[in-house]
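A short worksheet on the structure shown next.
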Amino acid sequence: MVRWGMVIDLKRCTGCHSCTVACKVEHHTPPGVFWAKVVRIESGKYPTVIRQAVPLLCMHCREPECEKVCPTGATKKQPDGRVTVDSEECVGCRYCAVACPYGARCFTSDWKDYFTGDTKPSSPYAEYSKRKWLEESDKGVVSKCDFCEERVAQGKQPACVNACPCEARTFGDLDDSESEVSQLIKKRRGMQLHPEYGTDACVYYLPAR
Amino acid sequence: MSQSSSSDQSGTCVLQQEDFKPGARTQMEWGFGGRRRWRDGALLMALFLGGIGAGQFVVSTWLIDSVTSAFVGLLVVGVGKTVAHLIYLGQPKRFYRLFLRPKTSWISRGLIFMVVFVAFGAAYLAPDLGFDWVPWETGSTFSDALLVGAILSASLVMVYDGFVLASCKSITAWNTALMPPLFFTYAVAGGTAMTYLTLIAMGSNIPNEDTLTTIDSVLLISMFALLVIYVLNMKTSTATARESLRRLTTTKVAVAFIGVAIIAGLLVPLSLTLYHEVATTETIASVLLALSSILELAGDLSVRHSILRAGLHAPVFSEGL
């Protein structure tokens, strides 16, 4: 059985936010909801300080805290390793969002337009996005990255991987030892975020130096 | 570490800027400060009402045998806490789904404890509330068994909030074994305060007043000791916990934590309770007791509010990534 995972090469990431935008375009997420984001961190000490862009998304953990705490069973671990939220089962208690150590979950109380005030009525794109979002997700529930389930089912790469101009992201089967992701993790010592929590994340980071 | 967020023209929060900041991240989902500012605050009220209501039932039935006060406690949990939870939920119509995962989720467990408590409590009080058709009487073995069930489940309602918070591994200010005893002690003290206020409002004498006052004093001292241990624990813990402590003691949360929770909610009631012993007239004693109880309840609410506001997620990245 395939187990999807992602490797992010921090040496290649320039922090251009293409992944953030591609994700929003693909999933029509409302304002304030970011399934993929990029933050910048500083590490080291003068004179060897490094400013690094770090892309973040749901880690699709093998032992997800969000799934354990979910009181309704809306958060599910799929056989292919993805962690998903069934918006028809979620009650919006947000225990998962509080328990997730990676800040990967977003609560949407209602659709809000991107542009308000003088720009109303909304642009056709905003209307389309709103319609698409409400078709796929309810109000008052939590949402998160699903590794672009529909794209992957069609044999495509997730939108963030596809859009990355630096090819910093690699998507593939972690259970296949010959896959590119497994090889990258092995050869370049891929790291998980917060391994001490025992979540066993399926998103690995290749160090910048 | 700013919590600033941009707002559209209607004042609606549309972007949490902390989403794009490194370092410790404020939990914005529980308590005031979330995307639906006031509705999100209903969760704080649910925690507060659940604690004091269950505490009031236990104190009223176990220590002073007051049916009215116990019934008020039952209503606070059965109606107040339930309504507060429903206001908070994003999809309140699906509330029944909250009971489905008691094996792993403390929210499911807590709500089951709550239903069991309300059922046992209502069944125990039924004969005294005029429901004569029930096939048991107060004082019978069956009634005593109902009381034991109600008190046990009420105790679990008082303590489960602490386990809910303690289960969040990345929030170091919450992920401590101190949370359950802290919430439990506050719930019993809040319950005692509610019992006093109910009896004073009814104009009734307070049975076992000396015992209750002694218990209240011991609880106030225990709460103070637990808070001191909690603060010291954060001081010697991770950088995120120290940042939480900084918020509790130097930002505007300090007004709620130090001003209301510790000074007004613990130290002043302790002085009033001790002074109440030497009050010259019964009226003065009642006024002091009522004032002390109101301050204790304010402190109870404030400590829960402060703990929620001090919740910071550890940074997602460590040095040297």
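The values are calculated or read from the model by the stated rules, or taken from the named source; none is laboratory data. From a predicted model like this one, the values you see are computed outputs, not experimental measurements. Reconstructed Cβ throughout: ideal geometry from the backbone, glycine too, with neighbour counts over all protein chains shown. Each accessible area value is taken on the protein alone, full model and side chains, heavy atoms only, with ligands, DNA and RNA left out. Shrake-Rupley method; radii C 1.70, N 1.55, O 1.52, S 1.80 Å.
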- [ ] Considering only protein heavy atoms, with the full assembly of protein chains and a 1.4 angstrom probe, order A:Lys144, A:Lys11, A:Lys132 by accessible area, largest first.
- [x] A:Lys11, A:Lys132, A:Lys144
Task: J(HN,Hα) series, region A:96-112, from Karplus relation 6.51 cos²θ - 1.76 cosθ + 1.60, nearest Hz, glycine and proline x - done: 5, 5, 6, 7, 5, x, 9, x, 8, 10, 10, 9, 10, 7, 7, 6, 10
TODO: Provide the solvent-accessible area of B:Thr68, counting protein heavy atoms only and rolling a 1.4 Å probe, rounded to the nearest 10 Å².
DONE: 70 Å²
Task: Residue of B:Val72, B:Val134, B:Val59 that the Gaussian network model of chain B assigns the largest fluctuation, springs spanning Cα pairs under 10 Å - done: B:Val134
Open item on the list: Let me confirm one metric for peptide A:29-42, namely the mean number of other chain beta-carbon atoms within 10 Å of its residues' beta-carbons.
Closed with: 4
TODO: Order the following by accessible area, largest value first: B:Phe131, B:Phe113. Probe radius 1.4 Å; ligands, DNA and RNA are ignored.
DONE: B:Phe131, B:Phe113
Task: Distant-in-sequence amide H partners of B:His313 (H built 1.01 Å from N, under 5 Å) - done: B:Arg25, B:Thr26, B:Gln27
Open item on the list: For a quick check of your reading of the filter: which GluC sites (Glu not before Pro) in region A:164-209 sit in a DSSP loop and have no more than 10 other Cβ atoms within 10 Å?
Closed with: A:Glu167, A:Glu178
- [ ] Pick out which of B:Gln27, B:Gln56, B:Gln91 has the largest mean-square fluctuation in a Gaussian network model of chain B, springs linking Cα atoms closer than 10 Å.
- [x] B:Gln91
Open item on the list: Going by Cα centres, region B:80-134 and region B:248-269 are how many Å apart?
Closed with: 32 Å
Task: Length gained when the stretch B:Ser217-B:Ala239 is fully extended (0.36 nm per residue, less Cα-Cα span) - done: 4.5 nm
Open item on the list: Once ligands and nucleic acids are excluded and a 1.4 Å probe is used, how much of B:Arg246 is accessible, expressed in Å² to the nearest 10?
Closed with: 100 Å²
Open item on the list: Between A:Glu63 and A:Lys186, what is the label-point separation in nm under the 7 Å Cα-to-beta-carbon projection?
Closed with: 2.5 nm
TODO: Please list A:Ile41, B:Ile200 in order of solvent-accessible area, largest first, computed with a 1.4 Å probe with all protein chains present.
DONE: B:Ile200, A:Ile41
TODO: Given the options A:Cys66, A:Cys164, A:Cys16, state which has the largest fluctuation in a GNM of chain A using a 10 Å cut-off (strictly under) for Cα springs.
DONE: A:Cys16
Task: Amide proton proximity set for A:Val39, modelled H, under 5 Å, gap of 5+ - done: A:Val54, A:Leu56
- [ ] Calculate the spin-label point distance for A:Gln78 paired with B:Trp136, positioning each point 7 Å from the Cα along the beta-carbon direction, and give it in nanometres.
- [x] 5.0 nm
- [ ] Find how many whole Å separate the alpha carbon centroid of region B:197-235 from the alpha carbon centroid of region A:13-82.
- [x] 45 Å
Open item on the list: Counting just the Cα atoms, what span does region B:19-313 cover along each of its three principal axes? Round to the nearest Å and put the largest first.
Closed with: 63, 51, 29
TODO: Return one number: the angle in degrees, 0 to 90 and rounded to the nearest 10, between the long axis of the Cα atoms of helix B:42-58 and the longest principal axis of the Cα atoms of chain B.
DONE: 30 degrees
Open item on the list: Whole-Hz ³J(HN,Hα) for each residue in region A:75-82, computed from phi via Karplus 6.51 cos²θ - 1.76 cosθ + 1.60 with θ = phi - 60°, x for glycine and proline: what do you get?
Closed with: 8, 10, 8, 7, x, 8, x, 6
Task: ³J(HN,Hα) computed for each position of region B:85-97 - Karplus, 6.51 cos²θ - 1.76 cosθ + 1.60, integer Hz, glycine/proline x - done: 4, 5, 5, 6, 4, x, 10, x, 5, 9, 4, 4, 6
Open item on the list: Along the Cα→Cβ direction, 7 angstrom out, place labels at B:Thr280 and B:Ser204. What is the inter-label distance in nm?
Closed with: 3.1 nm
- [ ] Partner chain Cβ atoms within 10 Å, averaged over the residues of A:71-79 - can you pull that number for me?
- [x] 4
- [ ] Send over a whole-number figure in Å² for the accessible area per residue of region B:214-257, probe 1.4 Å.
- [x] 49 Å²
Open item on the list: What does the structure give for A:137-147 when I average, per residue, the other chain Cβ atoms found within 10 Å of the residue Cβ?
Closed with: 2
Open item on the list: To test your reading of the geometry: what angle, between 0 and 90 degrees and rounded to tens, separates the Cα axis of helix B:282-309 from the longest principal axis of chain B?
Closed with: 30 degrees
